[in-house]
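Asker: Below is one structure. I have some questions about it.
The values are calculated or read from the model by the stated rules, or taken from the named source; none is laboratory data. All values derive from a computational prediction rather than experimental measurement. FYI the Cβ positions are ideal-geometry reconstructions off the backbone, even for glycines, and counts take in every protein chain you see.
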Amino acid sequence: MDTASRPLHSPPAVGFDAPFEMLHACHERVLRTLDLLLRLQAHLAAHGADVQARDAARDILRYFDLAAPEHHADEERHVLPRLRALQQHALADRVQAEHRDMDARYAAIRPGLWALAQDGRVPATGLWSAFAALYRAHVALEESLAYPPAAAGLDGPALAAMGAEMAARRRAP
């Protein structure tokens, strides 16, 4: 597992001037991070908590501690209100409920990842696959059902305002 050759947090090729493209790029990053989580699970079984495993745990923690919450905030501030305005309340409620479920599942696996990253203790990994499966299904739901209607009909000024808010929130202390 060579995490050095594939930086986990390289900046996406798109910027906040294209907010839906940025959301798609975030999904690509979350899928890569989930792949890393599952590769780490197999790596631990074969090699234990070596340096590569500890580095991978740090990368996973960094993504889900920092980037994933910002991504969910982007969706809850910009995608879900659009869905509700389009009378797609059930879809918006489902996306929001899945965010809460994923947050809770991450909270359950985070202490083990932290222990691995900090002291090399091998964590229980039994919940990792279910977390990854839920997140993958959630990404597919958003890509196929939530983003298209939320993006439809947004003009340049609306997209610019969305991107500006996303960028400003990340710059805030």
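Asker: If you take the residues of the range 104-123 that are under 13 Å from Ala68 (Cβ atoms) and charged (D, E, K, R), which of them is surrounded by the fewest Cβ atoms within 10 Å (Cβ to Cβ)?
Answerer: Only one residue tops the list, namely Arg110.
Asker: Of Glu21, Glu76, Glu28, which residue is modelled with pLDDT of 95 or more, surrounded by fewer than 18 Cβ atoms within 10 Å (Cβ to Cβ), farther than 21 Å from Pro111 by Cα and in contact with a Gly (Cβ under 9 Å, 6 or more places away or on another chain)?
Answerer: Numbers: Glu76 fails: in contact with a Gly (Cβ under 9 Å, 6 or more places away or on another chain); Glu28 fails: in contact with a Gly (Cβ under 9 Å, 6 or more places away or on another chain).
Sole residue among the options that is modelled with pLDDT of 95 or more, surrounded by fewer than 18 Cβ atoms within 10 Å (Cβ to Cβ), farther than 21 Å from Pro111 by Cα and in contact with a Gly (Cβ under 9 Å, 6 or more places away or on another chain): Glu21.
Asker: A follow-up question, please. Answer with yes or no whether Leu61 is more than 20 Å from Asp119 (Cβ to Cβ), in contact (Cβ under 8 Å) with a residue 40 or more places away in the chain and not basic (Lys, Arg).
Answerer: No: the conditions fail for Leu61.
Asker: What is the one condition in (1) surrounded by 15 or more Cβ atoms within 10 Å (Cβ to Cβ); (2) closer than 27 Å to Arg39 by Cα that Ala150 does not satisfy?
Answerer: It fails just one condition, (2).
Asker: So, in the range 120-173, exactly how many residues are under 30 Å from His47 (Cβ atoms) and either outside any helix (DSSP H, G or I) or free of Cβ contacts under 8 Å to residues at least 40 places away in the same chain (or both)?
Answerer: Looking only at that region, the number is 12.
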